[in-house]
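Asker: I am attaching a structure below and will ask some questions about it afterwards.
The values are calculated or read from the model by the stated rules, or taken from the named source; none is laboratory data. Source: prediction; values computed, not measured. Because the Cβ atoms are built from the backbone with ideal geometry, glycine has one as well, and the counts that use them run over all protein chains shown.
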């Protein structure tokens, strides 16, 4: 199981950017974090076109499929969608890993039993300003 942002497990950080220009303020080879939205498709398409690793937070089954088709490395979902998201990823052999947003260590066990690829704490996402 992948665990991002846990206080005593070293892991990569994801970088939340507000616009294309902010990419310059991220470390080389960073994975960028974006909430999936039609309003920011220009940013998502720029990231995809430039082959920058991408993590997309999604809210629906359709958005899960879009995220995979866009080549996201990580698809981040809330706990309520975790089992369905993981089943879809397994069924269609997604390259992306399904991560579930969590706040408490106690949530790890439940998600491990469900077979989810990983979890992510909010502190694993670093906001970058332009």
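Asker: Of (1) over 23 Å from residue 52 (Cβ atoms); (2) touching a helix residue (DSSP H, G or I) at 6+ places or on another chain (Cβ under 9 Å), residue 113 satisfies all except one. Which?
Answerer: (2)
Asker: Pick from 76, 108, 120, 126: which is modelled with pLDDT of 95 or more, farther than 26 Å from residue 22 by Cβ and surrounded by 13 or more Cβ atoms within 10 Å (Cβ to Cβ)?
Answerer: The conditions single out 108.
Asker: Still on this model: Would you call residue 18 surrounded by fewer than 21 Cβ atoms within 10 Å (Cβ to Cβ) and touching a residue at least 24 places away in the same chain (Cβ under 8 Å)?
Answerer: yes
Asker: A follow-up question, please. Return the pairs, sorted by first residue and then second, in which the second residue is modelled with pLDDT of 95 or more and assigned to a helix (DSSP H, G or I), the first residue lies in the stretch 38-61 and is under 16 Å from residue 120 (Cα atoms), the beta carbons are less than 7 Å apart, and the residues are 6+ apart or on different chains.
Answerer: Going by the 7 Å Cβ cut-off, the qualifying pairs are 54/47; 54/48; 56/67; 58/64; 58/67.
Asker: Still on this model: When the residues of the stretch 83-99 are narrowed to those that are in contact with a strand residue (DSSP E or B) (Cβ under 8 Å, 6 or more places away or on another chain) and closer than 16 Å to residue 111 by Cα, which ends up surrounded by the fewest Cβ atoms within 10 Å (Cβ to Cβ)?
Answerer: Among those that are in contact with a strand residue (DSSP E or B) (Cβ under 8 Å, 6 or more places away or on another chain) and closer than 16 Å to residue 111 by Cα, it is 97.
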